[in-house]
1. Of the conditions (1) within 16 Å of the ligand (Cβ to nearest atom); (2) assigned to a strand (DSSP E or B); (3) of a type in the set (A, V, I, L, M), A432 clears all except one; give me its number.
2. So which residues in the range 206-229 are touching an Asp or Glu at 6+ places or on another chain (Cβ under 9 Å), part of a helix (DSSP H, G or I) and surrounded by fewer than 20 Cβ atoms within 10 Å (Cβ to Cβ)?
3. If a residue must be in a loop (DSSP other than H, G, I, E, B), touching a Gly at 6+ places or on another chain (Cβ under 9 Å) and within 16 Å of the ligand (Cβ to nearest atom), how many such residues does the range 127-145 contain?
4. If I ask for residues that are within 10 Å of the ligand (Cβ to nearest atom) and of a type in the set (V, I, T), which ones from the range 468-508 would you list?
5. Just wondering, is there one or more residues in the range 306-316 that are hydroxyl-bearing (S, T, Y), assigned to a helix (DSSP H, G or I) and modelled with pLDDT of 95 or more?
6. Keeping to the range 282-335, report how many residues are surrounded by 24 or more Cβ atoms within 10 Å (Cβ to Cβ) and of a type in the set (S, T, N, Q).
7. Out of (1) in a helix (DSSP H, G or I); (2) within 16 Å of the ligand (Cβ to nearest atom), the odd one out for P297 is which?
8. Counting only residues that are of a type in the set (V, I, T) and within 19 Å of G144 (Cβ to Cβ), which one in the range 443-467 is farthest from the ligand (Cβ to nearest atom)?
Amino acid sequence: MTRLYSTRVALAAALLCIGPAALAQDAAALQRAPEIATGYAEKQGAVARRYMVAAANPLATEAGYRMLKQGGSAIDAAIATQMVLTLVEPQSSGIGGGAFLVLYDGRKVHSYDGRETAPMAATERLFLDKDGKPVSREQGIVGGRSTGAPGVVRMLELAHRKHGKLAWAKLFEPAIELADRGFAVSPRLNALLRYDQARLPRDPVAAAYFYDRDGQPRPVGHVLKNPELAKSLREIARGGADAFYKGRIARDIAAKVANHPTNPGLLTVKDIADYRAKERDPVCADYRKWKVCGAPPPSSGGIAVAQMLGILENTPIAAHPPVEGQLDAEAIHLFSEAGRLAYADRNRYVADTDFIPLPGKGIASMLDRNYLAQRAALIGDRSMGSAQAGTPQGMQVAWGTDTALDRPSTSHLVAVDQYGGGLSMTTSVEDAFGSRQMVDGFMLNNQLTDFSFDAADENGPIANRVQPGKRPRSAMSPTLVFERTGGNEPGRLVLATGSPGGSTIINYVMKVLVGTLDWNLDVQQAISLPNFGSRNGPTELEAGRVGADVIARLKARGHEVREFDQNSGLQGIGRIRRDGQELWFGGADPRREGIVRGD
Ligand code: GLU
């Protein structure tokens, strides 16, 4: 294992030394992973008794920790953390983006949808050229066209009104201080700036902020100040979310989108002012001794995770734990087959349910135990290669298949508080640096490229096609796990986890669930396991982390194996018992810069 880890560190170091031109020109690599792998540093995890937070950047974790220490609730910590992430991890998330949040207040599980919405002027032709052909992803992403009305600030305000303990304005203090004083550019931010050197600096505002006069990215350790963001955050701290959605900031966003020189978009001041965050019922499913809750549509994450668990419950995966960190071939087989089945349904059926109904009786039909047992029965000794979507009970719809592949960037944070509450939140500007448009100190999202570019195929209209005011389907899978009580109410919270990673998110999160619940690993061990699974294509393995003998065994069973960097950004906090004491144990992904803090 140690040898495999060091190989990866060496690879990452080599990557960091590649010249900017080579990085910028590596279009093929960009296609695979816009938020590139930048290193692998083994992490040990940390314990706490009362409260804890984990996020993708140490400064962001620190901000959340400060709030928890001052008596804040998990949502207070999440807001402070998100505001700092806007500043220090602008490639992944921010106030110009959207998010999904699953929150436990000590009694009840809530789910909040802060997903971006399409402008009212958008039609299913948004990503088609004048001949009706889909534009390239590059043309789709970069510019104004891909930007939806941001959801993060409204969603956090909605959740704070119900679950906050500290004053709203206080939660902005760490980010405002850091934006004024400056923060040291991290190795990951620097590497991503280098990687994006052909694209991001085409926006003059981003060029002036992220690059020097010669066009070189700000070096690691460079103290970057962001007075524009400090100003925006002060306005939001003082005026609430309205200061973002109904004032100067909204006007600046709409103007930036409309005035892009080559690829203007449709988002208006009215689209932004009309944005609503939504509270929805979480998707909860029983799995062995636990109740697992996630985000409902427009994310496909909650349903896909619950389907995979429901399928795997019919298999002996628990009897195939990793040995000394090395994954077992049978476990990869079962897990990737379950993934094929769940992703086939996801790609066919799941979209924004405010526009497109799910088959049959909705989530209940898709998670029906008999249906999932029938799906599990399709798993044999050899790989099925690729699965067909199933026919959940009472199905009345037939859709085309969405082939949109969202690409990995995004960020994840988890927190538990001293009041018995906890949360899991995935937050995103979609691609690395979103649409590459910077305004008022933050990046605008390109989340609309999560819609299917095509509106229909030979089977009919595609559920996830663009429609005015609709939210693009997501794979974000913020997840909370509880002990089962026998009734509908959840028992004790035992785990909060989630990850970025585009459509692979579902597999990353599932790895942590199977790792902790079935294989009894602690959350750090589970996060550090090699990533693996299938999105209903090849069997995907994290490059250099799975033994040749295991790969040979998979191939012998008909698996087409693809190894590549699987740049998850998992964070997790799980309950443990140590020396008779109940403690929280938190872990952060060795593949990114995150840390855990708690007391
Ligand atoms: N846009 C993706 C989604 O909503 C997330 C992107 C990522 O995780 O990298 O599913």
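The values are calculated or read from the model by the stated rules, or taken from the named source; none is laboratory data. Keep in mind that this is a model prediction, so the values were computed, not measured. Using ideal geometry, Cβ is built from the backbone for each residue, glycine included, and neighbour counts are taken over all protein chains shown.
1. Condition not satisfied by A432: (2).
2. Y209, P227, E228 - these are the residues of the range 206-229 that are touching an Asp or Glu at 6+ places or on another chain (Cβ under 9 Å), part of a helix (DSSP H, G or I) and surrounded by fewer than 20 Cβ atoms within 10 Å (Cβ to Cβ).
3. Filtering the range 127-145 for residues in a loop (DSSP other than H, G, I, E, B) gives 127, 129-133, 135-136, 142-145.
Next cut, touching a Gly at 6+ places or on another chain (Cβ under 9 Å) only: 127, 143-145.
Pick out the ones that are also within 16 Å of the ligand (Cβ to nearest atom) and you get 127, 145.
Residues in the range 127-145 being in a loop (DSSP other than H, G, I, E, B), touching a Gly at 6+ places or on another chain (Cβ under 9 Å) and within 16 Å of the ligand (Cβ to nearest atom): 2 in total.
4. Of everything in the range 468-508, those that are within 10 Å of the ligand (Cβ to nearest atom) and of a type in the set (V, I, T) turn out to be T504, I505, I506.
5. At the first step, the residues of the range 306-316 found to be hydroxyl-bearing (S, T, Y) are 315.
If we keep only those that are assigned to a helix (DSSP H, G or I) as well, we get none.
Scanning the range 306-316 turns up no residue that is hydroxyl-bearing (S, T, Y), assigned to a helix (DSSP H, G or I) and modelled with pLDDT of 95 or more.
6. Result for the range 282-335: 3.
7. (1)
8. Residues of the range 443-467 that are of a type in the set (V, I, T), as a first pass: 449, 462, 466.
When the remaining residues are screened for being within 19 Å of G144 (Cβ to Cβ), the result is 449, 466.
Values: T449: 8, V466: 15 Å.
This residue is V466.
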